[in-house]
Amino acid sequence: MTLFASQIVDGLADGAIYASLALALVFSYRSTGIVNFAQGEMAMLSAYLVWQLMAWGLPLIPAALVSIAVSFVAGALLYASIVRPLSHASLLTVVSVLIGLYLALNSLAGFIWTYTIKPLPSLFPKGHFRLGWFNISAETAGIIIVVAVVLLLLYLLFETTKIGLAMRGAASTPDSAVLVGVSVPLMLLIGWGIAAALGALSGILVAPRVFLNPTMMFGVIIYAFAAATLGGFDSIVGAVVGGLLVGVVENLVGTYIPWIGPDLKIIVALVLIFGTLLIKPDGLFGRSKVVRL
Amino acid sequence: MSLLGLRRMRAGYDARSVLHDIDLDVEAGQIQVVLGANGAGKTTLLRAISGTIARQGEILFDGRRIDQLSARKIVAAGIGHVPQGRGTFADLTVDENIRLGAYLRTATEARQDRERWLSFFPRLRERLPQQAGSLSGGEQQMLAITRALMLRPRLLLLDEPSLGLAPIITQGLFRTLAAIREETGMTMLIVEQSANLALEVADSGVVLESGQIVLRDSARNLAGNDEVRRIYLGYE
């Protein structure tokens, strides 16, 4: 029972990390219809940036905040320099460019920081505490709380502020957003910035668990894709629920199905992606696109 | 005094030109209707004015050239555009659609105006928390108009408000537009294919054919014009 409960809680923490990266994917997809394949590598660079800032003498938490802010700007720049100029190009062109960017960023990290793994300290203290039946590590609890707070802030941004409303309008019906005076490119720019900041958060949270190295996001991005597919690529709630489900299922399967174990866990993500696409292609919370003629 | 003036305005899509040298004046406080068959260029005319497509020639709004301005600046200058097919934000609630209409205005102004326009469209008040996409065609049209009114525009462009609506609903809609003009003195340019209801509330009108204005007259004269009656009003 204790093992089961702790697997669930650990799964939720992993899931919270997948959820924040899945949210990043959903944000850029909802606003521009483009899946940013380089999102994971951008998150990896954000984690490296924290390490670099700490090497230059900044404490961990300020370094993490600076990295998230820089990532926001980098995401906005990516939109302005690559995505927007290609907005009339074919989808295949954009996908090719983003996959190219994925490889370029990966090599760039190896070039600057080498392929030797580096430790990145956790944002949270070591140690465990008991909560009823559960024995929870401070890190697990910290990850869940941080992601929950970020989700709450996003919710407040979109539901209570004028700019959040304008961002939703620009993503939903850009032609009409122009007619009420919203600058659609500016809203999409902010959307891509937020996506990169969320990605940075996932990178910073996951780095202490997997060590810092240029390939550290390979697994995480697959789980994030599974989460976004499961939840529905156009649904913010879906990304969160999908992320948590993927995290929990991954942990339970890795623990209780011996022949899968930790090595084959990634299969779980792929099975989830295939299964969702076969049974419910729009995901749990996604809306099927109806084109009215 | 004309609020909107077009001088030799041309517009189209990419290489295809749709409008040829349009000259048009809309007097302040008037409702002017643009009649024309499918493909005559009515929608293109409104899009050119609101700057959502490329156009050449002069567009004067309140004596000021606006033909070089972006669509967003034209909205800010005071031209509201209710596009064809209504263009409501289907994923957003009715209330959010209305709030987004006031994007360029202060919260206080928005609150006052919201009450004012909802009094013209009481049906929308009952629908405030509902998703816009779930509204009926008539309600969506009311919402699209309310959203444009929230800008407090001086000129309202309406693209085929009757499209897909039952005649009785269209009639109510045009009466409400007339009442709004009566109370606020707002200028309106309405593009319509079903001409008789539009001509009832309009002061003047033009007929557009293959991208050119072929007839202009008062609404009363147009309604009595034999050719207009035959082609656009369906009388033999």
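The values are calculated or read from the model by the stated rules, or taken from the named source; none is laboratory data. Just so it is clear, the structure is predicted and the values come from calculations on it, not from any experiment. Glycine also receives a Cβ, built like all others from the backbone with ideal geometry; neighbour counts cover every protein chain displayed. Calculation scope for accessible area: heavy atoms of the full protein, side chains included, ligands and nucleic acids excluded. Shrake-Rupley method; radii C 1.70, N 1.55, O 1.52, S 1.80 Å.
How do B:172-181, B:106-115, A:5-14 rank on mean C-beta neighbours within 10 Å, highest first? List each step's numbers first, then the result.
Details: B:172-181: 17.6, B:106-115: 13.1, A:5-14: 20.0.
Those peptides, ordered most packed to least, come out A:5-14, B:172-181, B:106-115.
How big is the antiparallel share of DSSP beta bridges in the protein assembly as shown, given as a percent to the nearest 5? Each step should come with its number before you reach the end.
Working: 28 of 47 bridges.
Of all bridge pairs located within the protein assembly as shown, approximately 60 percent are antiparallel.
Rounded to the nearest 0.05, what FRET efficiency do A:Arg130 and A:Ile279 give with R0 = 56 Å and r taken as the Cβ-Cβ distance? Could you check?
Numbers: r = 39 Å, r/R0 = 0.70.
Calculated transfer efficiency: 0.90.
When the Cα centres of the range B:54-106 and the range B:113-129 are compared, how far apart do they sit, in Å?
Taking the Cα centre of the range B:113-129 as reference, the centre of the range B:54-106 is 20 Å away.
As an exercise, take the mean of 1/r over every pair of distinct alpha carbons in the protein assembly as shown, invert it, and state the Kirkwood radius in angstroms.
25.9 Å
How far is helix B:137-149 tilted off the main Cα axis of chain B, in degrees rounded to 10, range 0 to 90?
90 degrees
Starting from the Cα gyration tensor of the range A:62-211, take the square roots of the eigenvalues, sort them a ≥ b ≥ c, and report rounded, prolate or oblate (rounded when a/c is under 1.5, otherwise prolate if a/b is larger than b/c, else oblate). Can you show the working numbers first?
Values: a/c = 2.85, a/b = 1.37, b/c = 2.08.
Taking the square roots of the gyration eigenvalues as a ≥ b ≥ c, the range A:62-211 is oblate.
Could you rank B:Val75, B:Val214, A:Val35 by how accessible they are, 1.4 Å probe, largest area first? Spell out each step's value before the answer.
Details: B:Val75 10, B:Val214 80, A:Val35 30 Å².
Greatest to least solvent exposure: B:Val214, A:Val35, B:Val75.
Over every pair of different alpha-carbon atoms in the range B:77-128, take the mean of 1/r and invert it; report that Kirkwood radius in Å. Display every interim value, and only then the final one.
Working: mean 1/r = 0.0833 Å⁻¹.
This gives a value of 12.0 Å.
Per residue of B:137-148, how many C-beta atoms from partner chains lie within 10 Å of its own C-beta, taken as a mean?
Working: counts 0, 0, 0, 0, 0, 0, 0, 2, 0, 0, 3, 3.
Whole-number average of other-chain Cβ neighbours for B:137-148 is 1.
Pairs of lysine in the protein assembly as shown with Cα under 29 Å and at least 8 positions apart or on different chains: total? Walk me through the intermediate numbers first.
On the way: A:Lys118/A:Lys126; A:Lys118/A:Lys265; A:Lys126/A:Lys265; A:Lys162/A:Lys289; A:Lys162/B:Lys73; A:Lys265/A:Lys280; A:Lys280/A:Lys289; B:Lys42/B:Lys73.
Step by step, the pairs that qualify in the protein assembly as shown add up to 8.
Using a probe radius of 1.4 Å on protein heavy atoms only, what is the accessible area buried between chains A and B, both sides summed, to the nearest 100 Å²?
Values: alone 14570 and 11080 Å², together 23800 Å².
By this definition, chains A and B bury close to 1800 Å².
How big, on average over all directions, is the shadow cast by the Cα convex hull of chain B, in nm²?
On the way: hull surface 49.4 nm².
For the Cα atoms of chain B, the hull's average projected area reads 12.4 nm².
Given a 1.4 Å probe and every protein chain left where it sits, what share in percent of the accessible area of the protein assembly as shown is carbon and sulfur?
On the way: 14750 of 23800 Å².
Carbon and sulfur: 62 percent of the exposed surface of the protein assembly as shown.
If one puts a single equal scatterer on every Cα of the range A:161-251 and applies the Debye formula without solvent, what log₁₀ I(q)/I(0) results at q = 0.15 Å⁻¹?
With no solvent term, the Cα-only Debye profile gives -0.71.
Can you give me the solvent accessible area of A:Lys162 with a 1.4 Å probe, rounded to the nearest 10 Å²?
The value for A:Lys162 is about 100 Å².
Could you tally the net charge around B:Gly12, taking each other residue with its Cβ under 11 Å from the Cβ of B:Gly12, Lys/Arg +1 and Asp/Glu -1?
On the way: positive: B:Arg10, B:Arg16, B:Arg47, B:Arg55; negative: B:Asp14.
Residues near B:Gly12 contribute +3 overall.
Mind ranking A:Val237, A:Val66, B:Val82, A:Val253 by accessible surface for me, highest first, 1.4 Å probe? Could the numbers behind the result be given before it?
Working: A:Val237 85, A:Val66 60, B:Val82 0, A:Val253 30 Å².
Largest accessible area first, the residues go A:Val237, A:Val66, A:Val253, B:Val82.
Once both axes come from the Cα atoms, what is the angle between helix A:162-172 and the longest principal axis of chain A, in degrees from 0 to 90, rounded to 10?
That works out to roughly 80 degrees.
By the scheme Lys and Arg +1, Asp and Glu -1, what is the net charge of all other residues having a beta-carbon under 15 Å from that of A:Ala207? Walk me through the numbers on the way to the answer.
Details: positive: A:Lys118, A:Arg209; negative: A:Asp14, A:Glu41, A:Glu139.
Taking every other residue near A:Ala207 into account, the sum is -1.
Semi-axes, largest first, in whole Å: what does sqrt of 5 times each Cα gyration tensor eigenvalue give for the range B:1-122?
Working: eigenvalues 159, 59, 42 Å².
Those come to 28, 17, 15 Å.
Other chains near B:80-87: what is the mean number of their Cβ atoms within 10 Å of each residue's Cβ?
Mean inter-chain Cβ contacts per residue within 10 Å come to 3.
Once all Cα-Cα distances of the range A:2-279 are split into 5 Å bins that start at 0, what whole-number percent is in each one?
Histogramming the range A:2-279 at 5 Å steps yields 1, 6, 12, 17, 19, 17, 14, 8, 4, 2, 1, 0 percent.
At 1.4 Å probe radius, can you tell me the per residue accessible area of the range A:2-279 in Å²? Intermediate results must be reported in sequence, preceding the final value.
Working: 11990 Å² over 278 residues.
Per residue, the range A:2-279 has an accessible area of 43 Å².
Compute the long axis of helix A:39-55 from its Cα atoms, compare it with the longest principal axis of the Cα atoms of chain A, and write down the angle in degrees, 0 to 90, nearest 10.
The angle comes out at about 60 degrees.
Between beta-carbons, use under 10 Å as the cut-off and find the net charge around A:Ala13, counting Lys and Arg +1, Asp and Glu -1.
Values: positive: A:Arg209; negative: A:Asp10, A:Asp14, A:Glu139.
Taking every other residue near A:Ala13 into account, the sum is -2.
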